[in-house]
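No value in this document is a laboratory result; all are computed from the given coordinates. Because the structure is predicted, anything quoted here is derived from the model rather than measured. Virtual Cβ from ideal backbone geometry, glycine too; neighbours counted across all protein chains shown.
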Amino acid sequence: MTSCVPTSHCPRPLQLLSAAAMCVMVSSVNAAIPDASGVIHGCYLKNNGILRVIDSANDACKTNETPLNWNQTGPQGTTGLQGPPDAMPSRFGRT
């Protein structure tokens, strides 16, 4: 039977527990952010610029934070102006 002396090559129980907890936290965050309508909710702390993303179903901004919301897609922009025909330079294969 071999024994394992805690070193950098042998995981300690606390390291294993931390890794397992991190996996659970990551999987629960992925399920709730963005919300069902595709909105990402965050809280911005003005005095130091920290932005934290929250699950609005389980968390809220603190009184000293500014709430920010954005979505994955964004609104559709207006159509740009038509460019001149054949405006591609000849170095790209057009003459």
Quiz prompt | Environment charge at T66 (Cβ cut-off 14 Å; Lys +1, Arg +1, Asp -1, Glu -1) | solution = +2
Quiz prompt | Full-extension gain in nm, K62 to N48, via 0.36 nm per residue minus C-alpha separation | solution = 3.6 nm
